[in-house]
C-alpha cells in the first residue's frame, strides 16, 4: 500500500538566504555552459530549503527563457505543497493530477506540477502532450520512479534535487541518469550559521544480529517487529525516553505497525500522552492526530513510515529512531524532522535505538557526496556490519539496576582479557563463563536475605549476561546463533544453582559461628 504523505502548508515567499542565492547562481551557470539536455543533480540537506530554491529557479527561468517548466514529485500531497510554494514565488502553475485527462488550457501556463505516475500514464495513453518544455525539475530525485519519464523530455534540461544523492535502488545508480552533482551547504555549516538546529545524539547499544535484510536492501519488517516488540526493547525505549526526553514533544519512528502499537500501549501504561499514526489511518483521524500533536507541548507520536517526507512540525524536540535502517536517505529524513530552528530552539535530541549513528556517522558529520554519487557500490559495501558494531559495545550497568547491588563492589569483568588468560594457561574456554558466573552469584547473595530474593536479583543481570556471552562467543569465532542462545540460557540456569549453593554455605557458616 502506498504510504500517504502529510500535507502541510508551504512557507510563504521570503528573502533568499546567501547560500541559497549562491547555489541558484551555480545552477544557472551550468545551464548556460552545458547542452540543452544536460542532466544536473543538486544536493542540499533536509531543512536547507530545496523547494524554495527550485521555486526561485522556476521563476527566473520563465522570466529569462521562452520555454516551459515541469516539476515532478513522487506523491500527490507533495504536488500540492510544491504548487503553493511556486504561487508564493509568483509562478502561476497547473497541477496535473488523476482528474486531469487533457490540457486544453496548456497555453495559459508556463509551469506544470505533476506526480510522475500520473504524467507517465497520460503520456503513454497519448492523451496529453506537453509542448515546449525547457526545464524539468525532479524533487526527491533519489527515487527511481522518475527514470520512467526522462525519455519523454529528450531536449530538456533535467535538474534533480535531493538531500541524499544515493539511489533507492543500488542496481540503478544516480550517475547513470545524471551528468554531474552540485553539492550545497553542509549540515554543520547550516547549524553554525543558525539555519538548522543542532542534533544532540544519545545512542543505546542494541543487538541487531537477529535482523534479516530483504530484497530492498533494508531490514525486513517481520524481523524488526520480532526484535522491537520484545519486553526488553520496550523497556529500553521507555527508559531512554524517560531519561532523555521526558516532557518534550517527541516523534518515534518504527519499522513495523506491530512495533508502533506496542509502543503505544507501553507509553499509555506509563500514563504518557501518546498517539499512533500509520499508512492505514484515515484522513480525518490523521488530521486530528496531527492537530493534537501540534498543540500539545509534551505530545508523543509513534509512527511507521508516514512522517519521513512531506511533514514539517518545527516544534519537535526529540526524534527517537526505534528501528535500525541500512538506508542513508531514511536516516537523514528521520532526523531531519527535528532540525527546524525556532526562537528558543537551537538544538534537538536524537535517541538512537538501532545503532544507526554507528553505521552512518552522526547526522551533522561530513559526508563525501561526490564520492557516494560516483561510487555508490563502494560506499554501501563499506558500511559497518552489525557484528562489527556490536563487537565494540561496552556494557554499563544502568543506575536503576546498580542500586539493587549496593552492598557489592562491582568490579568490571573483561571477557576478552579473561579469555586470553585461559589460552595462555591452557585452561578450558568455559572457565571464562565460570568466573563471570561466580561474580554474578556473589553479587546476588551479598544483596539478598534469602535464596529466593537472590534469584530474583539475578534476573536484573540478564542484559549483562547476554553481553558477556556474546563477547565470549566472539572470542571463539564461528559460533552459531543457536549455540550462543543455548549458552545464555545455560548460564542463567547455572547461576541460580550457584546462588543456591552459596546460600547453603552461608547458612552453614552462620551455624558454625
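Taken together, the values in this text are just the output of simple stated rules run on the coordinates, not laboratory data. Worth saying up front: this structure is predicted, and the values here are computed from it rather than measured. All Cβ positions, glycine included, derive from the backbone under ideal geometry; neighbour counts span all protein chains shown.
Some points to look at:
- Taking 10 °C and 1.306 mPa s as conditions, segment 99-161 diffuses translationally at an estimated 128 µm²/s according to Stokes-Einstein applied to its Kirkwood radius (Cα pairs).
- In this label model, residue 494 and residue 387 are separated by 2.4 nm, measuring between points 7 Å along each Cα→Cβ vector.
- The Rg/Rh ratio for segment 337-470 is 1.13, where Rg is the radius of gyration of the alpha carbons and Rh is the Kirkwood radius.
- If you plug the beta carbon distance of residue 410 and residue 270 into 1/(1 + (r/R0)^6) with R0 = 22 Å, you get a FRET efficiency near 0.20.
- Three semi-axes of the equivalent ellipsoid, segment 18-185, Cα gyration tensor, whole Å, largest first: 22, 19, 16
- Cβ crowding within 10 Å ranks 243, 464 as 243, 464, fewest other Cβ atoms first.
- Per-pair calculated FRET efficiency, R0 = 56 Å: residue 450 and residue 377 via Cβ, rounded to 0.05: 0.40
- Value of [θ]222 nm, deg cm²/dmol, for the chain, DSSP H segments ≥ 4, -39500 (n - 2.57) each, nearest 500: -13500 deg cm²/dmol
- Segment 256-318-segment 236-250 distance, computed between alpha-carbon centres (Å): 15
- Its Kirkwood hydrodynamic radius, worked out from the mean inverse distance over all distinct Cα pairs, puts segment 436-485 at 12.0 Å.
- A crude spin-label estimate for the pair residue 287 and residue 238, with each label 7 Å from Cα along the Cβ direction, gives 3.5 nm.
- Taking every Cα-Cα distance in segment 399-512 and sorting them into 5 Å bins from zero, the calculated P(r) comes out as 2, 11, 21, 21, 19, 13, 8, 3, 1, 0 percent.
- Gain in span if fully extended, residue 172 to residue 129, counting 0.36 nm per residue against the direct Cα distance: 12.7 nm
- Each peptide in 35-45, 50-60, 492-502, 397-407 was scored by the mean count of other Cβ atoms within 10 Å over its residues; highest first, the order is 50-60, 35-45, 492-502, 397-407.
- For the chain, the relative contact order comes to 14 percent (Cα pairs under 8 Å, sequence separation of at least 6).
- Counted over the chain, the DSSP beta bridges are approximately 5% antiparallel.
- Compactness index (Cα Rg / 2.2 N^0.38 Å), segment 218-283: 1.12
- Rel. contact order, % - alpha carbon contacts under 8 angstrom, at least six apart, segment 278-427: 16
- Taking every alpha-carbon pair under 8 Å whose residues sit at least 6 apart, segment 18-185 reaches a relative contact order of 35 percent.
- Short to long, the 10 Å bins of the Cα pair-distance histogram for segment 272-335 hold 18, 56, 25, 2 percent of all pairs.
- Rg to Rh, two decimals, where segment 159-310 supplies the alpha carbon set and Rh follows Kirkwood: 1.01
- Seen from every direction in turn and averaged, the convex hull around the alpha carbons of segment 367-419 projects onto 6.6 nm².
- Column: log10 I(q)/I(0), Debye, Cα scatterers of the chain, q = 0.06, 0.07, 0.11 Å⁻¹: -0.37, -0.49, -0.99
- Net lengthening on full extension, residue 279/residue 209 (0.36 nm per residue, minus Cα-Cα): 22.4 nm
- FRET efficiency, residue 97 to residue 475 (Cβ-Cβ, R0 56 Å, nearest 0.05): 0.40
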